[in-house]
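S.K.: Shown below is the structure under consideration.
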Amino acid sequence: GMNIHLDTPTEILHTILLGVIKYFWGQTVYLIEKAKLLDVFQSRLDSINHDALNAPSLNPEYICRYKGGLIGKHFKSLVQVMLFIIHDLILQTVIDGWTTLGELVVLLWHTKIDHIEVYLAQLTQMIEDFLNVTAICAPSILITKPKFHFLIHLPAYIRRFGPAIIFSTEHYESFNRVFRLSCIYSSRQGPSQDTCRRFAQLDLVKHIITGGYWYEQELQKWVCAGPFILSFLCEHPAQGKLLGIKSNEDPCETNGKYERKFSLSVSDSLCLQQLDKFFVFQLLAGN
């Protein structure tokens, strides 16, 4: 079965970028504004070379103006350049914190780990160093903010699931609009069921239009769509793009021969009937 403690890994977006880095950013901005050096900070941020950051622009004016409403991409860029900007503006203990944060981010944003034991030893040591620096800067934050404690469990999750960047779930947030539209264009009586049905129908259309076969109980054989339907994507490539079908795939070419002496309605096929039974079963099970 599923163990909620072992099978729910720590997410680096909300734990690192929107967690500990955001906390240090707030403390740093407070110290800079207290010393009235925010203009100096903005000018340094504007003049720094960001060619190796894989970012179009740091946008220092936006960062300094909306310093309390930054998102993950801003913190990901800031953590790589903060050490060169604040070297003589704030306390050395805070600078040490940004130094360890930069090294920690470099270790976590790995897509491939060659030597797992060496990597985990370095990561564990870096997390301990960061927590020690944090205890010197602001010891109370270790008690009030649980995300510092979550860092301790990162090596165990990386050993279990692989690099931390792989099990980051923020990529799936881009599908929120798809789910929302599925609920809007429905009866809104069962949003989860309507969304699942919509996705199942899309997969069914993709399977049929790309030459997929399904077993028809009435005919007692495997059938597929006719040549006019199979040639639809060749004549309308834009529709294939909307369905998520790559352009280098030729949907007109099918494996094997097919036989169609008369048309068959998709709504009467066994595939859709089984799909309806599945949703009815899920609905009854939920009640």
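S.K.: Sorted by average packing, counted as other Cβ atoms within 10 angstrom per residue and highest first, what order do 173-182, 28-37 take?
M.R.: 28-37, 173-182
S.K.: Right, something else. Using the basic label-point model (7 angstrom from Cα toward the beta carbon), what is the Leu142 to Gln125 distance in nanometres?
M.R.: It is 2.0 nm.
S.K.: Once you put a point 7 Å from the Cα of Lys206 and another 7 Å from the Cα of His14, both along the Cβ direction, what distance in nm separates them?
M.R.: A separation of 2.7 nm, rounded to one decimal place.
S.K.: Filter the cross-link list Lys112/Lys206; Lys36/Lys67; Lys36/Lys147 down to pairs whose alpha-carbon distance in this structure exceeds 24 Å.
M.R.: As for pairs spanning more than 24 Å Cα to Cα, those are Lys112/Lys206; Lys36/Lys147.
S.K.: Sticking with this structure for a sec: Compute from the Cα atoms of region 187-235 the Rg and the Dmax, the latter being the longest Cα-Cα distance, and quote both in angstrom.
M.R.: 14.2, 39
Where a number appears in this text, it was derived from the coordinates with a stated rule and is not lab data. Predicted model, so just to flag it, every value in this text is computed and none were measured. Neighbour counts are summed over all protein chains in view; Cβ atoms, including those assigned to glycine, are modelled from backbone coordinates with ideal geometry.
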